[in-house]
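The values are calculated or read from the model by the stated rules, or taken from the named source; none is laboratory data. Nothing here was measured: the structure is a model prediction, and the numbers come from that model. When we count neighbours, we look across all protein chains shown, and the Cβ atoms used for this are built from the backbone with ideal geometry, even at glycine.
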Amino acid sequence: MREQNSLFSKYDWSKVQDSQKQQMIAEIARMDGNRLLNTSTDDLCDYFAEKYSINVPTLYENRIIADQKETQIDVSGDRYRAISDLSRPYHIPGTEIEITVPFDGEADVFDFSINPFANPPIADIRGNSLILKFQGTDLKPDQVRAQIDKTLSRINKDLNILRRDAKEFYEQLRNIARQAIESRKEKLLSNQNLVASLGFALRERKDATKTYVSPEVRRKIRPILPPASNVPYKPEPILSNDDYEHIINVIQNMAQVMERSPSAFTSIDEEALRSHFLVQLNGHYEGQATAETFNYEGKTDILVRVEGKNIFIAECKYWNGPKKLTETIDQLLGYSSWRDTKVAIIIFNRRKNFSKVLEVIPATIESHSCCKRSLGQISESSYRYIFSNRDDPNREMVLSVLAFDVPGLT
């Protein structure tokens, strides 16, 4: 128990944030290279931001407990005391009211100072409870209640400021973590490529760290580091973001042709749809796009391969409800056995209320168990998400869902 603590007056809040940032950067720099490369950057950002964030307490005022006891009140110096007695302590019987206010969050936050010139409130901290004490020889209920409300209002004011700052601090941590992680990954890959280019077999370090255990931290329960493969990281070919955007643009342009000239595609089926897109993609990518190619657990509509690796796949579907969309996502996840795959689902709507379809698509995608987060809309009827591979959460794919309204198709 911390006795008679002056709240919000011990540590400078800005220096606490700086310390957390530096500790996080140092931990990223110490992390085993293979462990780092084998773990999703976004998952690592979430992990480190959560680990080094500040959990500002929330007071549960609806669970306050009050107690009282007799105590001795020091009245030294009171005007009715004789001058000759002023040098000695003098106590008389009185009452002490103890108010217990439960809270969650980190008790250390009550030490963080945001205004060193403010008159701090006084309280004890006992476990996860704030203890307010009020003493007097003739206490009145309304006066004590007014003091309690005033003290709690003052404490909540500072907590609200810290809570707002802590939210911004969390985003800062994610950004700093991303920069540190990406920079170190780039350096590690550069070193690997340098050694590989020498033309000799690479030696596997016998002392390489196979697992990572996050250190025990006293102040709060910490998140678990995302799981990763223990095998040495091996770089794989991936589709660049620029090429992915270009492929999506080619698909969108072709789909817009279908939207503007629906009569030309009156009796078209999914196989014929795929052929139209393949013609366009092969024109841009030297015939690397193929149809009906078997891969992993099944066959895909549109597939781009580089050095024997599948780096782009897409499915063309007519809209047939949310269940069919979920099945299509499962189908893509079945094909996706590699790292950093970029995929797309092309949906054509015919004879349906397109506005209703657009309302259903995001909710259906985000409810999927492998959906990690939304990357936002890329157009009025196109959406982008990050999905995890169903067998390995560190293998992620970027999924773009492009919906088009083609009236008149039968």
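Structure summary
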read-out	value
Matching entry among Leu281, Leu303 (being under 23 Å from Ser382 (Cβ atoms), outside any helix (DSSP H, G or I), in the same structural domain as Asp391 (by TED's automatic domain parsing) and modelled with pLDDT of 65 or more)	Leu303
Candidates Asp46, Asp42, Asp78 - the one that is modelled with pLDDT under 95, closer than 28 Å to Asn119 by Cα and outside any strand (DSSP E or B)	Asp78
Matching residues in region 235-245 - criterion: being in a helix (DSSP H, G or I) and modelled with pLDDT under 85	Asn241, Asp242, Asp243
Only one of Asn128, Asn160, Asn175 that is under 26 Å from Ser9 (Cα atoms), at pLDDT 95 or above and surrounded by fewer than 15 Cβ atoms within 10 Å (Cβ to Cβ)	Asn160
Residue in region 350-382 that is farthest from Asp269 (Cα to Cα), counting only those that are touching a residue at least 60 places away in the same chain (Cβ under 8 Å) and in contact with a Ser or Thr (Cβ under 9 Å, 6 or more places away or on another chain)	Lys372
Subset of region 362-407 (residues that are of a type in the set (A, V, I, L, M), modelled with pLDDT of 90 or more and buried (at least 20 other Cβ atoms within 10 Å of the Cβ))	Ile365, Leu399, Val401, Leu402, Ala403
Residue in region 147-159 that is out of contact with any Gly (no Cβ under 9 Å at 6 or more places or on another chain) and farther than 17 Å from Phe103 by Cα present	yes
Number of the exception - Lys372 against (1) over 24 Å from Asn253 (Cα atoms); (2) touching a Cys at 6+ places or on another chain (Cβ under 8 Å); (3) part of a strand (DSSP E or B)	(2)
Residue match in region 131-150 (condition: surrounded by fewer than 18 Cβ atoms within 10 Å (Cβ to Cβ) and in contact with an Asp or Glu (Cβ under 6 Å, 6 or more places away or on another chain))	yes
